[in-house]
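Some notes on the structure that comes next.
Each reported figure results from applying straightforward, stated rules to the coordinates on display, with no laboratory input. Since the model is a prediction, treat every value here as computed from it, not as a measurement. Here Cβ is always computed from backbone atoms with ideal geometry, including for glycine, and neighbour counts include all displayed protein chains.
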Amino acid sequence: MSRARGQASLLALGVALLLVTGALGVALTATHGAFAGVDRDAADARLADSLAARAVAADGPLSDRGRANVLDGTAIRDLRTADTAALFPAARGHAVQFTLDGEVLASTGDATGGATSRRIVLVTSEKTRAYGPRFKNGTRFVLHERADALDVTMAPPNGTRVTTVRIDGRIALRDPQGLAGSYRVAVSPYRPASVAVAADGPLPAGSVVLVAHGETTRTATVEVRVRA
Amino acid sequence: MKMDRGLTPVVSKTLGIGIVLCYVALVSVTLYGGVVPATEADAAATLGDRVLAAGALAVEDAIPNTPTESTHVRKTVSLPATIGGQPYELRASNRTLALDSPVRGVGGTASLSLPARVSGVTGTWRSDRPAVVVIAGNASACRVELREVTA
């Protein structure tokens, strides 16, 4: 009876030690798991972030007229054939892949499964549109779209002089002796410009041709993937 | 018989104390002999990677986005004093930042992603001094220097 009681206290001690060992095991597994769970390689992630920041920076190799997060569509097309390591020296010696909306732009190796950094950008492209309206004195012609610049080409019939071209009510071109030839004028990019022509005779269609140079943008996602 | 019965609790307690002491000794030897140093090395290596990334980011972030006539930037950088209990160095050369530490498994290099107008990156940060990054130059070229502030 007394021996059974002695064993009971020893048994309790054994169970207690077992529980402590179990708790220790759980703690060690959790610690190990925390380190094993560092699946994002810090160096790759850092390089991907840096390259993505460079790609969309205002002074980056792809930026359009020094604007941040605006990429030049032409520069992006050229990136396919350009030397990526020359444009992004930090990518030299690493497997880096640049994609735009899932389409591979440039790569310096197989970066599948590497750390990724994404940026939302605007991609610009040039757009020109020609108009050949019939102008009458006192009527305004409003462009169908906004534009940055306008090429005005005048070839009036013999005996007719184009004296003034007004854009948005302001005089843009004027010559009392008669205007002829091609001129480039800047227009407001914030609303469609209106053009009025003053001439001392009738102007058939095609006497004044307008070519509007505008810019269209689309939203896209740039993704940089790096695997060391 | 009576004296034997009197001894029983003493024997039982001594046995219990002995078992607990043996257990504690076993656990201590296991932990400090292998598990703790391995975890410390893991932590040091991970921290080293992070410090290198943070240092590279600090240098890249300090460079102004738009080139100006006269660029003068001075930014303090906050870095941990030790990795794995040892002081370390961050050295810049050839557009690369290198981490140098006496602890085994800690180190590496990070290539800096800088604008083309940056002509060079030089200097060293020792972890036991306050660190600053100094950028001086003009619109077409600038130099980046890692400096220590003498306290």
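In table form, for the structure just shown:
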| item | result |
| --- | --- |
| Counted charge near B:Ala43, where neighbours are those whose Cβ lies closer than 13 Å (Asp, Glu -1; Lys, Arg +1) | -2 |
| Cut-off under 5 Å, modelled amide H: who pairs with A:Ala193 long-range | A:Leu143, A:Ala147 |
| Protection proxy ranking, peptides A:19-25, B:41-47, B:56-62, average beta carbon neighbours within 10 Å, highest first | B:56-62, B:41-47, A:19-25 |
| Projected area, mean over directions - the protein assembly as shown, Cα convex hull, nm² | 32.9 nm² |
| Reachable aspartates and glutamates, given that their alpha-carbon falls under 15 Å from the alpha-carbon of B:Lys75 and they are not under 8 places away in the same chain | B:Glu60, B:Asp61, B:Glu145, B:Glu148 |
| Charge context of B:Ser78, other residues only, Cβ under 13 angstrom, K/R +1, D/E -1 | +2 |
| R0 of 30 Å, Cβ-Cβ distance B:Arg91-A:Arg67: FRET efficiency to nearest 0.05 | 0.25 |
| Placed amide H near B:Gly123: partners under 5 Å, 5+ positions off or other chain | B:Ala92, B:Leu146 |
| In sequence order, calculated HN-Hα J values of segment A:140-150 (Karplus, 6.51, -1.76, 1.60; Hz; x Gly/Pro) | 10, 10, 9, 4, 7, 9, 6, 8, 8, 8, 9 |
| FRET efficiency, 1/(1 + (r/R0)^6) with R0 41 Å, evaluated for A:Arg174 and A:Asp83 via beta carbons | 0.25 |
| Spin-label model distance (nm) - B:Val10 vs B:Tyr23, 7 Å beyond Cα toward Cβ | 2.5 nm |
| 0 to 90° range, to nearest 10: angle between helix A:42-56 axis and chain A longest Cα axis | 10 degrees |
| Sequence-distant aspartates and glutamates (8 or more away, or on other chains) whose Cα lies within less than 20 Å of A:Lys127 | A:Asp64, A:Asp72, A:Asp78, A:Glu145, A:Asp148, A:Asp151, A:Glu215 |
| Peptide B:46-58, shielding by other chains (average Cβ, 10 Å cutoff) | 3 |
